[in-house]
Amino acid sequence: MRIRAHHLLCIQGFQGYGYSDVFIKHMATVIAQLHMNPEITLIDSLDEICEACPHNDGQRCTRYGESVVRMDHTVLEMIHASQGSSWQERDAIELTRARFETMEDVNRVCGTCQWREQCAFYMGIKRREEK
Ligand code: SF4
């Protein structure tokens, strides 16, 4: 399954919010498949999750443009992975948990995301740091 790198964070934080009902349902289905630990290929372009997104014009993300590609590149850099590399899903998830420990880390990718206050991954790190 092709997964854009920043979605490794989104899938850990997903709490049922998204761009449309169809998108939310599809994202929940993809996450359920990912829980079975399939092989994934990390990419910096439209992926399985983008498939059902209203901001996918078939070529690119029309909502975030190049900034979302930069988010993918930052995640790839932080987990020392290359674009197009293949992973077991669980290994990739564990790496992100190890490398995104502080608000400084997570804000490098999620600092301007509209969903961050509804994201279990982002808010989990925020609450841990506030203790
Ligand atoms: S907003 Fe852009 S990157 Fe996010 S799911 Fe939609 S098309 Fe993909």
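Any read-out appearing in this document is the output of simple, stated calculations on the displayed coordinates, not a laboratory observation. What you are looking at is a predicted structure, and each value in this text was computed from that prediction instead of being measured. Cβ sites come from the backbone with ideal geometry, for glycine too, and all protein chains shown count toward neighbours.
For Cα pairs less than 8 Å apart in space and 6+ apart in sequence, what is the mean separation divided by the residue count of the chain, i.e. the relative contact order in percent?
After rounding, I find 34 percent.
Tell me, rounded to the nearest percent, the portion of alpha carbon pairs in the stretch 2-130 spaced more than 25 Å apart.
Taking all Cα-Cα pairs of the stretch 2-130, the fraction more than 25 Å apart is 17 percent.
Consider a paramagnetic label point 7 Å from the Cα of Glu39 along Cα→Cβ; state which residues of the stretch 76-104 have an amide N under 13 Å from it.
The answer is 85-89.
Order of Val106, Val68 from fewest to most other C-beta atoms within 10 Å?
If I rank by nearby Cβ atoms, fewest first, I get Val68, Val106.
Give me Met1, Met36, Met27, Met78 sorted ascending by neighbouring Cβ count inside 10 Å, so fewest comes first.
Ordered by Cβ neighbours within 10 Å, fewest first: Met36, Met1, Met78, Met27.
If each residue's Cβ is checked for other Cβ atoms within 10 Å, how do Leu95, Leu8, Leu42 rank with the fewest at the top?
Leu95, Leu42, Leu8
In deg cm²/dmol, rounded to 500, what helix-only [θ] at 222 nm does the chain give when every DSSP H run of at least 4 residues adds -39500 (n - 2.57) and the total is split over its residues?
Using -39500 (n - 2.57) per qualifying helix, the result is -15000 deg cm²/dmol.
Enter the Cα centre distance for the pair the stretch 14-63 and the stretch 96-117, rounded to the nearest angstrom.
The stretch 14-63 and the stretch 96-117 have Cα centres spaced 19 Å from each other.
Can you give me the relative contact order of the stretch 1-58 as a percent, contacts being Cα pairs under 8 Å and 6 or more apart?
55 percent
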